[in-house]
1. Counting only residues that are of a type in the set (S, T, N, Q) and either open to solvent by less than 80 Å² (accessible area, probe 1.4 Å) or within 19 Å of Gly125 (Cβ to Cβ) (or both), which one in segment 86-103 is farthest from the chain's Cα centre (by Cα)?
2. Can you confirm whether segment 261-280 contains a residue that is in a strand (DSSP E or B), basic (Lys, Arg) and modelled with pLDDT of 90 or more?
3. Only one of Ile31, Ile8, Ile17, Ile83 is open to solvent by 20 Å² or more (accessible area, probe 1.4 Å), touching a residue at least 12 places away in the same chain (Cβ under 8 Å) and touching a strand residue (DSSP E or B) at 6+ places or on another chain (Cβ under 9 Å). Can you tell me which?
4. Go through segment 343-386 residue by residue and tally those that are among the polar types (S, T, N, Q) and either surrounded by fewer than 19 Cβ atoms within 10 Å (Cβ to Cβ) or in a loop (DSSP other than H, G, I, E, B) (or both).
5. How many residues are open to solvent by less than 50 Å² (accessible area, probe 1.4 Å) and under 10 Å from Cys33 (Cα atoms) when one looks only at segment 55-67?
6. For segment 104-138, how many residues meet the condition of being within 14 Å of Pro79 (Cβ to Cβ), open to solvent by 80 Å² or more (accessible area, probe 1.4 Å) and not aromatic (Phe, Trp, Tyr)?
7. Got a sec? Which strands (runs of 3 or more DSSP E) wholly within segment 1-109 have at least 2 residues that are closer than 17 Å to Pro155 by Cβ and either in contact with a Gly (Cβ under 6 Å, 6 or more places away or on another chain) or not acidic (Asp, Glu) (or both)?
8. Does Gln149 qualify as being closer than 30 Å to Ile359 by Cα and among the polar types (S, T, N, Q)?
Amino acid sequence: MNTLIAVIVIFGLLVFIHEWGHLIFAKRAGILCREFAIGFGPKIFSFKKNETVYTIRLLPLGGFVRMAGEDPEMVHIKPGYEIGLLFNGSGKVNRLIINNKSKHPDCKIIQVEKIDLEHDLIVQGYVDDNEGLTTYHIDEKGEYVYDEQATQIAPYDRQFGSKTVGQRAAAIFAGPLMNFVLAVVVLMAYAMIAGMPVDEPVVGDVTDDGAAIEAGLESGDRIVSIDGQFVDTWEEMTSIIQANPNETLQFEVEREGELFDVSMTTQEREGPEEEELGVIGVTAPMERNFGGAILFGFTQTYEYTVLIFEALGMLITGQFSLDHLAGPVGIYNYTGEVAAMGILVLFQWAAILSVNLGIINLLPLPALDGGRLIFIGLEAVRGKPIDPQKEGLVHFVGFALLMLLMLVVTWNDINKFFM
């Protein structure tokens, strides 16, 4: 249950902040955003605020912001169609009833001769044979109703394609950007709660089973020198200790202004590259301050970014197998393991996942934000947009391939449980 809660909270937050970035920048550009969704598939919960429907959907595998103009309108009204018109107080059409007109007895029925819902915002038609052609003006926030579902019309200046290259690129880039911002904020919170390591040769804490506690070291002791070699930083101190596993070293220690000598035999611990490292059982000193937390948030996010790019490079060059990739099942399992280590480790894990989501979405692959930015960039170079049908086909194929990759990775995750 703890794993499930952790996954829901973390993934919900990552998807929400990503899609919220798209939504905010799209709205600032004047784009009509029809829906803000967390998840895919059938709706579980929804409500409408202003022009946007906010929904939670059944499959928690992502989310989307549906912007007007990105997809063709679902309803096309052609000459000869009969539709119903409802008017607002200023005499403009605020609702076009496409079918089930009998459920709207107050509407005026016309036979459409011409309709423009993008530029002129007019509908022309005949009420009956005795009246001539009449022009009706449509409210820019009017709606059409089909199967009793109201959808706001999207004048051209409210559509995604009407905006400048810069505005569209900002609306697309904002999603991944917000994932990096989230990582910085989460890591800042982590630093304020847990503290940040200080690069001084001072004992922060002493473990229960190391050489340091046997030698009588205490929190706050400063290591002045090791085997006669003076040390000024935590890194200098640890590098000497790590380079001498199972060796007896002489430490000069300062405590409350007084110096004393103590000898300690280092213990062995396996390092990240399977080499043996010396340890004495002490942790670095920690400090908490707002300025340092801000710096920690940015520097740690940068380090995570570099590590993820290095892993991607290894994947491309074949040094990293697809078998090592984790899909939803694998990430669920890892999140459970991290949650068992405590809330602070979960903070770091959430930041890593957020950076990872931002980077993956910026890859120049069809159906991802990076692929959409490539098409916007090509438009900027060519001076005209790519054929929407061709772009849509590329994104469709890309999405299908991504789903295939997801299935392969998920299958690998499931197989790992039986190995």
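The values are calculated or read from the model by the stated rules, or taken from the named source; none is laboratory data. Source: prediction; values computed, not measured. Cβ: placed from backbone, ideal geometry, glycine included. Neighbour counts: every protein chain shown. Heads up: the accessible areas ignore ligands, DNA and RNA and are worked out on the full protein's heavy atoms, side chains in. Shrake-Rupley method; radii C 1.70, N 1.55, O 1.52, S 1.80 Å.
1. Let us first name the residues in segment 86-103 that are of a type in the set (S, T, N, Q), namely 88, 90, 94, 99-100, 102.
After this cut, where a residue has to be either open to solvent by less than 80 Å² (accessible area, probe 1.4 Å) or within 19 Å of Gly125 (Cβ to Cβ) (or both) as well, the list is 88, 94, 99-100, 102.
Details: Asn88: 41, Asn94: 37, Asn99: 40, Asn100: 42, Ser102: 46 Å.
The residue in question is Ser102.
2. Step one: list which residues in segment 261-280 are in a strand (DSSP E or B), which gives 261-265, 267-270, 276-279.
This time we only want the ones that are basic (Lys, Arg), so: 269.
Cutting the leftovers down to modelled with pLDDT of 90 or more gives us none.
Within segment 261-280, none of the residues are in a strand (DSSP E or B), basic (Lys, Arg) and modelled with pLDDT of 90 or more.
3. On the way: Ile31 fails: open to solvent by 20 Å² or more (accessible area, probe 1.4 Å); Ile17 fails: touching a strand residue (DSSP E or B) at 6+ places or on another chain (Cβ under 9 Å); Ile83 fails: open to solvent by 20 Å² or more (accessible area, probe 1.4 Å).
Result: Ile8 is the single residue among Ile31, Ile8, Ile17, Ile83 that is open to solvent by 20 Å² or more (accessible area, probe 1.4 Å), touching a residue at least 12 places away in the same chain (Cβ under 8 Å) and touching a strand residue (DSSP E or B) at 6+ places or on another chain (Cβ under 9 Å).
4. Going through segment 343-386, the residues among the polar types (S, T, N, Q) turn out to be 348, 354, 356, 361.
Now drop any that are not either surrounded by fewer than 19 Cβ atoms within 10 Å (Cβ to Cβ) or in a loop (DSSP other than H, G, I, E, B) (or both), which leaves 348.
Of the residues in segment 343-386, 1 are among the polar types (S, T, N, Q) and either surrounded by fewer than 19 Cβ atoms within 10 Å (Cβ to Cβ) or in a loop (DSSP other than H, G, I, E, B) (or both).
5. Qualifying residue count for the region: 2.
6. 4
7. On the way: elements: 33-49, 52-67, 82-87, 93-97.
Per the criteria, 33-49, 52-67, 93-97.
8. On the way: closer than 30 Å to Ile359 by Cα: no; among the polar types (S, T, N, Q): yes.
When the stated conditions are applied, Gln149 does not pass them.
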